[in-house]
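A quick write-up on the structure given underneath.
The values are calculated or read from the model by the stated rules, or taken from the named source; none is laboratory data. No experiment lies behind these values; they were computed from the predicted model shown. Cβ coordinates were reconstructed from backbone atoms using ideal geometry, including for glycine residues, and neighbour counts include every protein chain displayed. These accessible areas exclude ligands, DNA and RNA; they are computed on the full protein's heavy atoms, side chains included. Shrake-Rupley method; radii C 1.70, N 1.55, O 1.52, S 1.80 Å.
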Amino acid sequence: GESVGLHLPTLSVQEGDNSIINCAYSNSASDYFIWYKQESGKGPQFIIDIRSNMDKRQGQRVTVLLNKTVKHLSLQIAATQPGDSAVYFCAPDGGSNYKLTFGKGTLLTVNP
Amino acid sequence: EPEVTQTPSHQVTQMGQEVILRCVPISNHLYFYWYRQILGQKVEFLVSFYNNEISEKSEIFDDQFSVERPDGSNFTLKIRSTKLEDSAMYFCARRRDSSYNSPLHFGNGTRLTVT
């Protein structure tokens, strides 16, 4: 079955540093990928997405890289701020009914 | 602000009782979802709802669960006879448009505590 895993369950960085959160997926049919941020007590919040015909996409302070060969994607956050502290999930969307499959998440802690 | 509103924010119920969780998405959207998240675990898919019908459900979504959109606006999840293990955050989500490659947008969830 499909599985989604994260290489690092926790990541601690200093304010101002760049953060990289990694995600591996198993379903080669996945062709659309979303990163979500979840703060304590809130629902997952959309950050950025990428389609499989791209290998890089940039947003405001965030960049997602997709390597379909090894079924891996990463989320890069530039100049990490304390407000970036949250759990980050990658969610491939492929196949039935456009549902998303979430990984366990990576807890990002930004130290002032 | 989330694009869906969920009520209540916290529900405490006794084992065996029925609960109804509500979601008010923006009207005229077609795809709705329920997910749950047990404390400290990942977000799990429960059910998807398209054009007023269940389109897919997970193994978690057994006969104790049901969904409906009774008035064309509110989207509800009912648990008929709650169990202790139903304690979790329940998130409603909707897809903003009907295109395949578009993100789900989640509400802030209902925390269900079964005692």
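At-a-glance table
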read-out: Residues whose placed amide H lies under 5 Å from that of residue B:96, excluding near-sequence neighbours; value: B:105
read-out: Violating pairs (Cα-Cα greater than 19 angstrom) within the set A:37/A:71; A:71/B:57; A:104/B:83; A:37/B:83; A:42/A:68; A:99/B:42; value: A:37/A:71; A:71/B:57; A:104/B:83; A:37/B:83; A:42/A:68
read-out: Given chain A, longest segment not containing exposed loop trypsin sites (Lys or Arg not before Pro) (DSSP; at most 16 other Cβ within 10 Å); value: A:1-41
read-out: Per-residue average of Cβ from other chains inside 10 Å of A:99-105; value: 6
read-out: Carbon and sulfur %, accessible surface of chain A computed with the full protein complex present, 1.4 Å; value: 47 percent
read-out: For the pair B and A, total buried accessible area rounded to nearest 100 Å², probe 1.4 Å; value: 2000 Å²
read-out: Qualifying aspartates and glutamates (Cα of each under 20 Å from Cα of residue A:56; at least 8 residues distant if same chain); value: A:31, A:93
read-out: With every protein chain in place, chain B: carbon and sulfur % of accessible area (1.4 Å); value: 45 percent
read-out: Inter-site label distance for residue B:52 and residue B:14 at 7 Å from Cα along Cβ, in nm; value: 3.7 nm
read-out: Other protein chain Cβ atoms within 10 Å, averaged over every residue that makes up B:14-21; value: 0
read-out: Unit charges on C-beta of K, R, D, E only; dipole of region A:1-89, Debye; value: 200 debye
read-out: Heavy-atom accessible area per residue - chain B, 1.4 Å, Å²; value: 49 Å²
read-out: Residue-level accessible surface for residue B:54, protein heavy atoms, 1.4 Å, Å²; value: 80 Å²
read-out: The protein assembly as shown: antiparallel DSSP beta bridges as a percent of all, rounded to 5; value: 90 percent
